[in-house]
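The values are calculated or read from the model by the stated rules, or taken from the named source; none is laboratory data. Since the model is a prediction, treat every value here as computed from it, not as a measurement. Just so you know, the surface numbers come from the protein's heavy atoms only, side chains and all, with ligands and any DNA or RNA stripped out. Shrake-Rupley method; radii C 1.70, N 1.55, O 1.52, S 1.80 Å.
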Amino acid sequence: MHIKKLLVYTLPLYMLLQSCDKIDSPFSETVNNGVVDTSSEPQRILLEDYTGHTCPNCPAAHDEAQTLLNTYGKQLVVISIHAGYYAQTQSGMFSYDFRTAVGNDLLGAFLPTGQSFPTGVIQRKKNSQGNYPIPWSSWGSNIATLISAKPSAKLDMVNSYNAATRTITCTVTNDFLKNISSSLSLSVIYTEDSIVKPQKDGTVSIPAYTHRHVLRGSLNGSWGEAIGSSFTSGQSLDKTYTGAPI
């Protein structure tokens with residue numbers, strides 16, 4: 001069975017991302033045994049890879065994302081967002097549809113019309129040129145400048161999955177490590193890993209290509225839920241969301 005992953009993050013201030021693997025069997029898991037250790041929390045970086053199964057140059061970006069994951073481990077979270085022209089379905093080999101409402105919304109918000117693929121957005125922040133999209137060849141250098149920052153909050157999850165109803169319940173604990181005077185939203189999305197479906201690669205089509213970190217949906221909408229505009233160091237906030245994945 002495919003592995004699904006829950007991802008939790010805050011907008012617009014990305015502080016620390018925590019993911020939880022396999023939720024395709026009934027279980028309940030507490031991250032870090034519920035203990036908040038603020039002494040050595042690492043920064044986590046979000047890389048959203050905009051891609052498509054008919055994009056001939058996208059496999060090179062997929063390889064780069066995996067190389068960066070091998071380098072940074074759990075400090076890096078990758079989401080593959082299939083959206084736009086290259087994600088459109090076609091008859092025959094490319095009839096499988098990876099697109100989601102969330103992905104379409106993100107594409108419209110962060111990528112200009114006509115943006116070439118592959119491209120990525122890191123931390124949903126503009127680069128030094130004032131643009132969100134970053135070419136895949138520059139992902140590594142951009143991540144390297146951000147990875148040593150101190151996070152402003154720690155996000156943990158307790159997840160449960162009801163196999164009979166195919167329902168995920170996710171409780172997120174936000175432990176703030178600094179005083180924050182910004183409006184934040186909490187977004188809970190899920191991805192699916194290791195989907196074997198066709199992919200164009202240069203001039204050839206690969207029938208059994210392994211698609212990684214594919215965006216599948218959200219438990220609380222494309223932009224999450226507003227959780228406040230002012231937070232203090234040591235403050236803790238719990239939120240629970242329930243939904244059925246595709």
Please report, as a whole percent, how much of the solvent-accessible surface of segment 156-246 comes from carbon and sulfur atoms (probe radius 1.4 Å).
-> 49
Given backbone amide H placed at 1.01 Å from N, residues whose amide H is under 5 Å from that of Thr167, ignoring those fewer than 5 places away on the same chain, are Asn162
Please list, in chain and number order, the residues 5+ apart from Lys178 or on another chain whose amide H is under 5 Å from its amide H, with Hs placed from the backbone.
-> Gly234
With all protein chains present, calculate the accessible area of Asp97 using a 1.4 Å probe and round the result to the nearest 10 Å².
-> 70
With every protein chain in place, what's the accessible area of Glu225 (1.4 Å probe, Å², nearest 10)?
-> 60
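Given a 1.4 Å probe and heavy atoms of the protein chains only, how would you sort Arg44, Arg212, largest accessible area at the top?
Values: Arg44 25, Arg212 85 Å².
The residues order as Arg212, Arg44, largest area first.
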In order over segment 67-72: 3J(HN,Hα) from phi, Karplus 6.51/-1.76/1.60, θ = phi - 60°, whole Hz, x for each Gly or Pro, gives 4, 5, 5, 5, 6, 9
Accessible surface, 1.4 Å probe, highest first, among residues Asp105, Asp156 | Asp105, Asp156
Would you kindly compute the Cα radius of gyration of segment 179-246 and its largest Cα-Cα separation (Dmax), both in Å?
-> 18.4, 54
May I ask for the equivalent-ellipsoid semi-axes of segment 113-194, computed as the square root of five times each C-alpha gyration tensor eigenvalue and listed largest first in whole Å?
-> 29, 21, 12
Above 25 angstrom, tally the Cα pairs of segment 52-205 and express them as a % of all pairs, no decimals.
-> 41
Accessible area per residue of segment 120-246 at 1.4 Å probe, in Å²?
-> 45
